[in-house]
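Below is one structure; the comments refer to it alone.
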Amino acid sequence: MLETVVKDGSGKHAYIEGYRVGGKTGTAQKYENGIIAQGKYVASFVGFFPADKPEYLALVIIDEPQGVYYGSTVAAPYAKEVFEGIINVKNMQAG
């Protein structure tokens with residue numbers, strides 16, 4: 001299910017061709033003094049791979065992103081960078 005989020009859904013910015021990555025995006029409004037703080041958000045993405053037998057997990061949290069504030073576009077690409085770094089360091093083959 002969470003692999004589909006990355007392959008076809010909101011987490012597509014964490015997708016890595018040939019690797020099974022799963023994950024979930026998140027976007028939340030912030031509160032100040034008990035009320036919604038206009039224009040203040042927390043964007044997040046938690047991802048893992050390989051999705052069928054997870055060995056690696058990344059949690060990316062962006063506090064008060066500027067401009068675009070969705071976890072899918074702000075946080076997921078950083079998780080992809082982390083996973084690509086692991087793939088390179090470990091010399092992991094796709095498949």
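Could you look through the stretch 13-50, keep only residues that are open to solvent by 50 Å² or more (accessible area, probe 1.4 Å) and polar (S, T, N, Q), and pick out the one that is farthest from LYS90 (Cα to Cα)?
Checking each candidate, the answer is ASN33.
Only one of these is of a type in the set (D, E, K, R) and touching a helix residue (DSSP H, G or I) at 6+ places or on another chain (Cβ under 9 Å): ASP52, ASP63. Name it.
Working: ASP63 fails: touching a helix residue (DSSP H, G or I) at 6+ places or on another chain (Cβ under 9 Å).
When all the criteria are applied, what remains is ASP52.
Out of curiosity, is VAL82 closer than 21 Å to GLY95 by Cβ, touching a residue at least 40 places away in the same chain (Cβ under 8 Å) and touching a strand residue (DSSP E or B) at 6+ places or on another chain (Cβ under 9 Å)?
On the way: closer than 21 Å to GLY95 by Cβ: yes; touching a residue at least 40 places away in the same chain (Cβ under 8 Å): no; touching a strand residue (DSSP E or B) at 6+ places or on another chain (Cβ under 9 Å): yes.
Considered against the rule, which asks whether it is closer than 21 Å to GLY95 by Cβ, touching a residue at least 40 places away in the same chain (Cβ under 8 Å) and touching a strand residue (DSSP E or B) at 6+ places or on another chain (Cβ under 9 Å), VAL82 comes out as no.
Which count do you get for residues in the stretch 2-36 that are in contact with a Gly (Cβ under 8 Å, 6 or more places away or on another chain) and among the charged types (D, E, K, R)?
Keep residues of the stretch 2-36 that are in contact with a Gly (Cβ under 8 Å, 6 or more places away or on another chain), which gives 2-3, 5-6, 10-11, 14, 18, 21-27.
Still in the list and also among the charged types (D, E, K, R): 3, 24.
Final tally of qualifying residues: 2.
Every residue in the stretch 57-71 that is open to solvent by less than 100 Å² (accessible area, probe 1.4 Å), more than 20 Å from GLY18 (Cα to Cα) and within 10 Å of the chain's Cα centre (by Cα), please. Spell out the reasoning first.
Quick first cut of the stretch 57-71, residues open to solvent by less than 100 Å² (accessible area, probe 1.4 Å) only: 58, 60, 62-65, 67-69, 71.
With the extra rule that they be more than 20 Å from GLY18 (Cα to Cα), the set shrinks to 60, 62-65, 67-69, 71.
Those that are open to solvent by less than 100 Å² (accessible area, probe 1.4 Å), more than 20 Å from GLY18 (Cα to Cα) and within 10 Å of the chain's Cα centre (by Cα): VAL60, GLY71.
Restricting attention to the stretch 1-12, which residues are in contact (Cβ under 8 Å) with a residue 40 or more places away in the chain and surrounded by fewer than 19 Cβ atoms within 10 Å (Cβ to Cβ)? Step through it out loud before you land on a result.
Here is the first cut: in the stretch 1-12, the ones in contact (Cβ under 8 Å) with a residue 40 or more places away in the chain are 2-3, 6, 10-12.
Listed by number, the residues that qualify are LEU2, LYS12.
Is it fair to say LYS90 is open to solvent by 30 Å² or more (accessible area, probe 1.4 Å), without any contact (Cβ under 8 Å) to a residue 12 or more places away in the chain and not β-branched (Val, Ile, Thr)?
Numbers: open to solvent by 30 Å² or more (accessible area, probe 1.4 Å): yes; without any contact (Cβ under 8 Å) to a residue 12 or more places away in the chain: yes; not β-branched (Val, Ile, Thr): yes.
When the stated conditions are applied, LYS90 passes them.
Quickly run through the stretch 61-90 and pick out the residues that are among the small types (Gly, Ala, Ser) and within 19 Å of TYR15 (Cβ to Cβ). Write out each step before concluding.
Of the stretch 61-90, the ones among the small types (Gly, Ala, Ser) are 67, 71-72, 75-76, 79, 85.
Across the stretch 61-90, the qualifying residues are GLY71, SER72, ALA75, ALA76, ALA79, GLY85.
Which count do you get for residues in the stretch 72-95 that are over 8 Å from the mean Cα position of the chain (by Cα) and among the small types (Gly, Ala, Ser)? Can you show your working first?
Filtering the stretch 72-95 for residues over 8 Å from the mean Cα position of the chain (by Cα) gives 73-74, 81-95.
From the residues that got through so far, the ones that are among the small types (Gly, Ala, Ser) too are 85, 94-95.
Final tally of qualifying residues: 3.
The values are calculated or read from the model by the stated rules, or taken from the named source; none is laboratory data. In this text the structure is predicted, and so the values were computed from the model without any measurement. Cβ sites come from the backbone with ideal geometry, for glycine too, and all protein chains shown count toward neighbours. To get the accessible areas, we keep the full protein, side chains included, count just its heavy atoms, and leave off ligands, DNA and RNA. Shrake-Rupley method; radii C 1.70, N 1.55, O 1.52, S 1.80 Å.
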